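The values are calculated or read from the model by the stated rules, or taken from the named source; none is laboratory data. From a predicted model like this one, the values you see are computed outputs, not experimental measurements. Positions of Cβ are backbone-derived with ideal geometry, glycine not excepted, and every protein chain shown enters the neighbour counts. SASA here: full protein model, heavy atoms, side chains in, ligands and nucleic acids out. Shrake-Rupley method; radii C 1.70, N 1.55, O 1.52, S 1.80 Å.
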Amino acid sequence: MTTTPVQHAAPRVRTRRARLPWQRVPIWALMLLACVLSVVPFYLMFVWASHPSAEVFTFPPHLWFGDAFARNWQGLMQVTDGQAPRQFWNSLYIALISTLTTLFFCSLAGYAFAMYDFRGKGALFAFILGTMLIPPLVMDIPSFLVMNNVLHWVGQPRALWVPGMANAFGIFLMRQYVSSALPRELIEAARMDGATEFGIYRQVVLPLIRPILATLGVVTFVGAWNNFKGALIMKLSEPDTMTLPLSLRRLGGGATNVNVDWGAIMMLVVITVIPLLIVFLFASRQVISGLTSGAVKD
């Protein structure tokens, strides 16, 4: 007589749907509130740019778009004597050139300090770091004197982007990232394969440091785009050289001016903010990766 083994049924495991711990609710609520507070000013800026000047400061404020975009654009062209597109191009030119040159020279210097050994390397890097301790306000007068008396660049856009092509912050940021992200063995292997030094930089180094390039690029672009003080000191106030920050200040006319076309000003503010939003949206993932790359240690 054969006996069949008794097959025991597998116990039924009840799976409960994961619930949100109550401890996380206040944190999520604060994050949602912070997001709303960050987005609302931008939303209201676009909304008020679509309403006439007399309705910008009405109470309760407008919360939806109007039909005065074309009217405010015409008012902006009128108060700027048709120079608004030129002012936009001046700001874009300075910001783009500043970003590209800063990324190129700072990445080269950071790579050299991280991967090369040469005499005086430590002292030179310490000197570069020491320049970061000097307050920027202290350098305003010497910078103006050099640009005015030596280079004769006052009133020209190059006076804004040439001095910052190899800044200490960018070199330090690149050097730290290259030291942690690029193994020396990879560079030596590329040399053994016959790659030139600049070829190693272009084909090996640049693809691996894209996150920190995006981070420094966004910081540089935003700083150059919003550079009001530098443009004011270097006298970029002519119609063919004026930037958007100077134009915004000129249109405001001070606190005592009651004849301000606020619709035109809000339209100019929108034009000023749109490139910054576009740059951050396209580079946000790389920026977050670059900022958090050193938070996790292998």
Legend entry - Selection from region 181-213 of residues that are part of a loop (DSSP other than H, G, I, E, B), on the phi < 0 side of the Ramachandran plot and not hydrophobic (A, V, I, L, M, F, W, C): Pro183, Asp193, Thr196
Legend entry - Condition broken by Ala224, with the remaining ones in (1) within 30 Å of Gln83 (Cβ to Cβ); (2) over 22 Å from the mean Cα position of the chain (by Cα) satisfied: (2)
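Of all the residues that make up region 62-88, how many are closer than 15 Å to Leu246 by Cα, open to solvent by 100 Å² or more (accessible area, probe 1.4 Å) and assigned to a helix (DSSP H, G or I)? Steps first, please.
Pass one, region 62-88, residues closer than 15 Å to Leu246 by Cα: 76, 79-81, 83-88.
This time we only want the ones that are open to solvent by 100 Å² or more (accessible area, probe 1.4 Å), so: 81, 86.
From what is left, the residues that are assigned to a helix (DSSP H, G or I) are 86.
Number satisfying all stated conditions: 1.
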Legend entry - All positions within region 164-182 that are surrounded by fewer than 19 Cβ atoms within 10 Å (Cβ to Cβ) and either charged (D, E, K, R) or touching a Phe, Trp or Tyr at 6+ places or on another chain (Cβ under 7 Å) (or both): Met165, Ala166
Inset, instruction - Only residues that are surrounded by 15 or more Cβ atoms within 10 Å (Cβ to Cβ) and within 22 Å of Leu100 (Cβ to Cβ): list them for region 183-203, please. - result: Ile200, Tyr201
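Given the criteria in a helix (DSSP H, G or I) and open to solvent by less than 80 Å² (accessible area, probe 1.4 Å), does Leu129 qualify? Spell out how you get there, then give the answer.
Values: in a helix (DSSP H, G or I): yes; open to solvent by less than 80 Å² (accessible area, probe 1.4 Å): yes.
Here the answer is yes, as Leu129 does meet what is asked.
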Legend entry - Top-ranked residue of region 242-272 - restricted to ones that are of a type in the set (Val, Ile, Thr) and surrounded by fewer than 15 Cβ atoms within 10 Å (Cβ to Cβ), ranked as modelled with the lowest pLDDT: Thr256
Inset, instruction - Please find, within region 36-61, the residue that is nearest to the chain's Cα centre (by Cα) out of those that are open to solvent by less than 80 Å² (accessible area, probe 1.4 Å) and over 19 Å from Leu268 (Cα atoms). - result: Ser38
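Confirm whether Leu277 is modelled with pLDDT under 90 and under 22 Å from Trp161 (Cα atoms). Lay out the reasoning, then the answer.
Numbers: modelled with pLDDT under 90: yes; under 22 Å from Trp161 (Cα atoms): yes.
Against the criterion (modelled with pLDDT under 90 and under 22 Å from Trp161 (Cα atoms)), Leu277 qualifies.
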Inset, instruction - Inspect all residues belonging to region 152-163 and state whether any of them is under 23 Å from Leu216 (Cβ atoms), at pLDDT 90 or above and either of a type in the set (Ser, Thr, Tyr) or surrounded by fewer than 10 Cβ atoms within 10 Å (Cβ to Cβ) (or both). - result: no
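Can you tell me how many residues within region 132-180 are part of a loop (DSSP other than H, G, I, E, B), farther than 30 Å from Arg202 by Cα and without any contact (Cβ under 8 Å) to a residue 40 or more places away in the chain? Full working, then the answer.
The first filter runs over region 132-180 and keeps only residues part of a loop (DSSP other than H, G, I, E, B), leaving 132-135, 151-157, 162-167.
Remaining after also requiring farther than 30 Å from Arg202 by Cα: 133-135, 151-156.
Now narrow it down to the ones that are without any contact (Cβ under 8 Å) to a residue 40 or more places away in the chain: 133-135, 151-152.
Of the residues in region 132-180, 5 are part of a loop (DSSP other than H, G, I, E, B), farther than 30 Å from Arg202 by Cα and without any contact (Cβ under 8 Å) to a residue 40 or more places away in the chain.
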